[in-house]
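Report on one structure; see the data block that follows.
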Amino acid sequence: MRPFRPSLLLAAVVPAVALGAALVAVPAAAEPQAEEPAVVLTEDFSGGAVPAGWTAIEGQWSVSDGRLVGVSTSSSQLSRITFGPHLRNYRVEVTARFESVQNTSRWTAVGLDIAPNGATPWWIATMRTGSTASNGLEFAQRTTSDSWNVTNTAAAPSAAGTGRDVRIAVEVRGSRATWIFDGQEVMRTSALQRSDAGVLGLLANGATVSFDDVVVTELEEEPVIRPVGPQSTPAVIAHRGYSSVAPENTLAAVESALRSGADYVEVDVASSADGVPIILHDNTLDRTTDGTGALPTVTSDYIEGLDAGSWFSTAFSGQPVPTLLDVLALLKGRAPALLLEVKGPETYAQLELIVGQLREQGLVEQTILQSFDVQVLRDVKAIEPSLRIALLRSSLDADPVATARDLGVVAYNPSWTALQTRTDVIADLHEAEIAVMPYTIDDPAQWAILRDLGVDGVITNKPGELVGWNARHVQTVPDAPTVAFAAPADGATLTRGDVLVPAVTSERAESIAITLDGAEGAAIAVDSLTAGEHTLVATATGVNGTATATTTVTVQPSAAGLIRLATGPDVNRTLRDQLLRAIDRSDWIRVASIAEDGVGGNQLPAELAELIAADARAL
């Protein structure tokens, strides 16, 4: 970030009008067509009272002038109100306005997953009144021990301040969320931990905040097919967990994959002799455990005592062979989707148990079940039609699209070796709205080829490396510019004698213009400004668009300020003495009268007389 300090005259700043020619139109990335989101709640508080179904938990909550008003009287009071249904995927929008705050670190928030009775733990998207601070916006958790776990912070493009409406929007898909400030995406997180029954909420802390126009829409599950565009990268699929750093298909590998930022965690499941779904790739226990024998011939009691980590490293000694329930418990409420490979063949009853465990844990929506075994896929679709399925292939079908359509899969996942021979099938499958996620690729040179081919996901043993590789690619594509005021602070109070020196921070800007009260070229010495509120606007223009930031300051009349104006070089001695005697007596009506009468005979400049008279009357 680079500081920008214009001279004291705004005329020295590049005119905003001249910057228009530098704008570059960037076509939007094409995305798969989706159904219109379903609006599940709208509220404009026109009923005059807190709506039915909205539960005030702490603080004072009322409706006034068509707005919901929440009051928190101290920094320790977490005033909150809960509302709405439990949704896994949704967008919540609300207009929020700080009416008053104890200080600029106080905040309001949208509750993203909060118990209807307001009990901890809960997750929120926070906005401070000083929203342009580095932690002006946050994703955070209030833990069961009443402490804070702040997972993500960012600076807003402009200050929320007081008395200003801000349109807040947060899009949540499972444990992933996107923070949108006045229509501009600011940050994302994949750290939310979701509950089974959490609803939405609004919060206030050390502030009085009013809210209006709440809209909640339910969103579809995040599509498997990735959008097309310069910033698009394939989804990261952690093969058998993070199997290059931890023993495959263990809880250690799954936990490592969760922390790597992978989009999917892939594990293998098959049934033991007593019908327990076990996470294991091979048909036998010999390679990855200290046990022996074919999985279908041994019981879960025998498997429970095995060591699945020592073969990989002594650091993982004692890692158990997990059951499917063990993995589901680890994944529950967390970000990555589950790509669950059923090894097959499995009986219908065994598949019913596997699908039943997904249902019991509430993870059907979060799972794609894949298999090489076509009968497994047909049976699973019969057991749970809403469960998404994918076909694994070591070699390509003669007509992959026809096969995929016949099975009703959302993804066709071939080996990369097979796909290389007929890369044209990627476009054919995409046209049929079927994703392509090949396996197993660990070479960055191959990742580049796959990205350029437009595959939707890459199954890899190195998910952390692919997450970083994707991030580096995205960073090479210029984003829209950003701009924020470093000074003056929003809501600052100035007096006569002060000098207003705007300073902004910006990224990816080719030009920056600053206006005062909408005009270029006006002096910004405070002695020349009228009393009251003034607005500074910074406009940054870059390759990929423009960004604006706004801050307001108030020129506060005072006796000291009047003395400064009255003793300036443009006031003659006789008039100065008259003004100072009246100021000393706090006779503000007399001060105003002297100033206005001084125009003409005593040759007091008209603009100065107007300032003195206005300040005096304000006092």
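The values are calculated or read from the model by the stated rules, or taken from the named source; none is laboratory data. Please read these numbers as outputs of a predicted model, since none were measured by experiment. Please note: Cβ atoms are built from the backbone with ideal geometry, for glycine as well, and neighbour counts cover all protein chains shown.
Assorted remarks:
- Among the candidates 547, 560, residue that is assigned to a helix (DSSP H, G or I), within 30 Å of residue 161 (Cα to Cα) and not aromatic (Phe, Trp, Tyr): 560
- Subset tally (residues that are crowded, with 17+ Cβ neighbours inside 10 Å, among the polar types (S, T, N, Q) and either outside the structural domain of residue 316 (by TED's automatic domain parsing) or assigned to a strand (DSSP E or B) (or both)) for region 250-292: 1
- Scanning region 352-385 for residues that are among the acidic types (Asp, Glu) and more than 18 Å from residue 278 (Cα to Cα), we see that the one that is nearest to the chain's Cα centre (by Cα) is 365.
- Given (1) without any contact (Cβ under 8 Å) to a residue 40 or more places away in the chain; (2) under 22 Å from residue 156 (Cα atoms); (3) not in a loop (DSSP other than H, G, I, E, B), index of the condition residue 509 fails: (3)
- Within region 528-555, considering residues that are in contact with a helix residue (DSSP H, G or I) (Cβ under 7 Å, 6 or more places away or on another chain), more than 10 Å from residue 514 (Cα to Cα) and of a type outside the set (A, V, I, L, M, F, W, C), the one surrounded by the fewest Cβ atoms within 10 Å (Cβ to Cβ): 530
- Qualifying residue in region 413-427 (condition: modelled with pLDDT of 95 or more, of a type in the set (Phe, Trp, Tyr) and either assigned by TED's automatic domain parsing to the domain that holds residue 353 or assigned to a helix (DSSP H, G or I) (or both)): yes
- Elements of the type strands (runs of 3 or more DSSP E) sitting completely within region 43-90 and holding at least 2 residues that are free of Cβ contacts under 8 Å to residues at least 60 places away in the same chain and not acidic (Asp, Glu): these cover 60-64.
- Residue count for region 493-521, restricted to those that are within 30 Å of residue 610 (Cα to Cα), hydrophobic (A, V, I, L, M, F, W, C), out of contact with any Ser or Thr (no Cβ under 6 Å at 6 or more places or on another chain) and buried (at least 16 other Cβ atoms within 10 Å of the Cβ): 4
- Pairs are defined by a Cβ separation below 6 Å, a sequence spacing of at least 6 or placement on different chains, a first member in region 129-154 that is within 14 Å of residue 106 (Cβ to Cβ) and at pLDDT 95 or above, and a second member that is of a type in the set (A, V, I, L, M, F, W, C) and loosely packed, with under 15 Cβ neighbours inside 10 Å; the pairs so defined are 138/150.
Residue-by-condition table, conditions (1) under 29 Å from residue 284 (Cβ atoms); (2) basic (Lys, Arg):
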residue: 321; (1), (2): yes, no
residue: 324; (1), (2): yes, no
residue: 327; (1), (2): yes, no
residue: 359; (1), (2): no, yes
residue: 376; (1), (2): yes, no
residue: 394; (1), (2): yes, no
residue: 417; (1), (2): yes, no
residue: 433; (1), (2): no, no
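- Some residue of region 320-339 being more than 40 Å from the chain's Cα centre (by Cα) and within 15 Å of residue 270 (Cβ to Cβ): no
- A single entry from 297, 292, 233 fulfils the requirement of being farther than 24 Å from residue 373 by Cα and more than 39 Å from the chain's Cα centre (by Cα): 292.
- Scanning region 585-604 for residues that are assigned to a loop (DSSP other than H, G, I, E, B) and either at pLDDT below 85 or in contact with a Lys or Arg (Cβ under 9 Å, 6 or more places away or on another chain) (or both) returns 587, 598, 599, 600, 601, 602, 603, 604.
- Any hit, region 182-194, residues being of a type in the set (Lys, Arg), surrounded by 22 or more Cβ atoms within 10 Å (Cβ to Cβ) and outside any strand (DSSP E or B): no
- Residues considered: 295, 339. Of these, the only one that is modelled with pLDDT of 95 or more, closer than 30 Å to residue 141 by Cβ and surrounded by 19 or more Cβ atoms within 10 Å (Cβ to Cβ) is 339.
- Boolean, residue 318 is touching a residue at least 60 places away in the same chain (Cβ under 8 Å) and in a loop (DSSP other than H, G, I, E, B): no
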